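Single-structure report; data block below.
Please treat every number below as a calculation from the coordinates, not as lab data. Just so it is clear, the model here is predicted, and its values are computed rather than measured. Reconstructed Cβ throughout: ideal geometry from the backbone, glycine too, with neighbour counts over all protein chains shown.
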Amino acid sequence: MGKAVLIAVLLFSQLHLLSIPASAQWALRVSPATIDLLVHRGETVGMLINAANTGDARVTVRVYPMDFRIGKGGAFSFSEPGDESYSCATWLNIDPAEFELLPGETRGVEVAVSVPPEVEPGGHYGALLFETMPGQREMGSPVTSTTRIASLFYVTIPGVTDADVFTGVEIVSVPVPRWVRGAPVELGVVVHNTGNVHLVAAGKAYLTGFWGRKIGEVGLGETVVLPQSERAMRGTWEGTLFLERVKAKVVVGYFDERGELVNEAAMMSFWVVSWQAVGVLGGSIVVCAYLLRRRKHRRGGAVAAVFGPRIRRR
């Protein structure tokens, strides 16, 4: 239950982007946004998803299953049921699949998740899309729009042994510039889920300067990573330095299949060279060049005075 709440919080800000407002006269809301289930092979689990019309005009809603994936940057993409190898969209049975909502009305959609008796252990994923039917227009507008809101299903199928369901995270890269002129500095990490079930990964960067001096910490956020996929986490450092080589230890933490915290770490470094440092260095180079040139000129004059031409006397 706690895992489901955490995933719901993480994805709420992303899922609302899936909704495209269709009219000022009505608005569709769907809850819960995510469902996290543990279901054994051959079992069927039922639940209720609520759709609400918070506007003041009647709306017709169609409900249908789809596969989904999450890109490295967090963008959702949907495809036909069964397209993804980890799909559970074909397990979702819906009643009703189409209905009308009056202004202010809420309607419950019954969903039965029927797991086949022979299916691979691990994570399986699908989505129910709640879509407003075409033909409804905003007052005074000739344009017809639709709204699509997704409710995501995260279904874990246990195996015969604990080893059948496993997690793992690999740090693929730590994208950081080699040098910056100062704050803000964008830090990040790309992680790969090597397991067969989804997990929640959290990242943090610990920054040190010359002689191991601690200069700051940067949170890189939390994200859901599907099996055999990559996700990027990013953060911003607002520190102020003049001229320094900064080392960053990036740590990614997650809970494994036994509920134990696991940390993976990677090191990287970058130079901070501020505009003030560039000015000081440039000015120092100019001054040094001038002093060297002047010293060379003086030495040349002294040599000429000692070894210059002499007047022969007859």
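In square nanometres, what is the average projected area of the Cα convex hull of segment 169-273? Could the numbers behind the result be given before it?
Numbers: hull surface 24.7 nm².
Mean projected area for segment 169-273: 6.2 nm², to one decimal.
Quick check: residue separation of THR194 and GLU110 times 0.36 nm, minus the Cα distance between them. What number comes out in nm? Could you put the intermediate results ahead of the total?
Numbers: separation 84, 0.36 × 84 = 30.24 nm, distance 3.40 nm.
Stretched out fully, the THR194 to GLU110 stretch lengthens by 26.8 nm.
May I ask you to list the aspartates and glutamates whose Cα is less than 17 Å away from that of LYS214, ignoring any residue fewer than eight positions away on the same chain?
By straight Cα distance, LYS214 reaches GLU238, GLU244.
For segment 40-131, just say rounded, prolate or oblate: build the C-alpha gyration tensor, square-root its eigenvalues into a ≥ b ≥ c, call rounded for a/c under 1.5, and beyond that prolate if a/b exceeds b/c, oblate if not.
Numbers: a/c = 2.85, a/b = 1.57, b/c = 1.82.
Oblate is the answer for segment 40-131, as a/c is 1.5 or above yet b/c matches or exceeds a/b.
So, by mean Cβ neighbours within 10 angstrom, what's the order for 170-176, 124-130, 255-261 with the highest one leading?
Highest-to-lowest ranking by the protection proxy: 124-130, 170-176, 255-261.
Mind putting a number on the dipole of segment 169-273 about its Cα centre? Charges go on the C-beta only, +1 for Lys and Arg and -1 for Asp and Glu, and I need it in Debye to the nearest 20.
Values: 11 positive and 11 negative charges, 108 e Å.
Taking the Cα centre of segment 169-273 as origin, the dipole is about 520 debye.
Once you place label points 7 Å from the Cα toward the Cβ at SER85 and GLN228, how far apart are they in nm?
A separation of 0.1 nm, rounded to one decimal place.
Can you list the residues, at least 5 places off or on another chain, whose amide H is less than 5 Å from the amide H of LEU241, using H built in the peptide plane?
ALA183
Give me, ordered by chain and number, the residues 5 or more places off GLU43 or on other chains with an amide H under 5 Å from its own placed amide H.
VAL115
What is the spin-label model distance, in nm, from ARG41 to PHE76 if the labels are put 7 Å beyond Cα along the C-beta direction?
Going from the ARG41 label point to the PHE76 one covers 3.0 nm.
Extending each Cα 7 Å along its Cβ direction at VAL262 and ARG181, get the distance between those two points in nm, one decimal.
For the pair VAL262/ARG181, the computed spacing is 4.3 nm.
Let's test the formula: R0 of 51 Å, r as the Cβ-Cβ distance of ARG148 and GLU217. What FRET efficiency results, to the nearest 0.05? Intermediate results must be reported in sequence, preceding the final value.
Working: r = 39 Å, r/R0 = 0.77.
It comes out at approximately 0.85.
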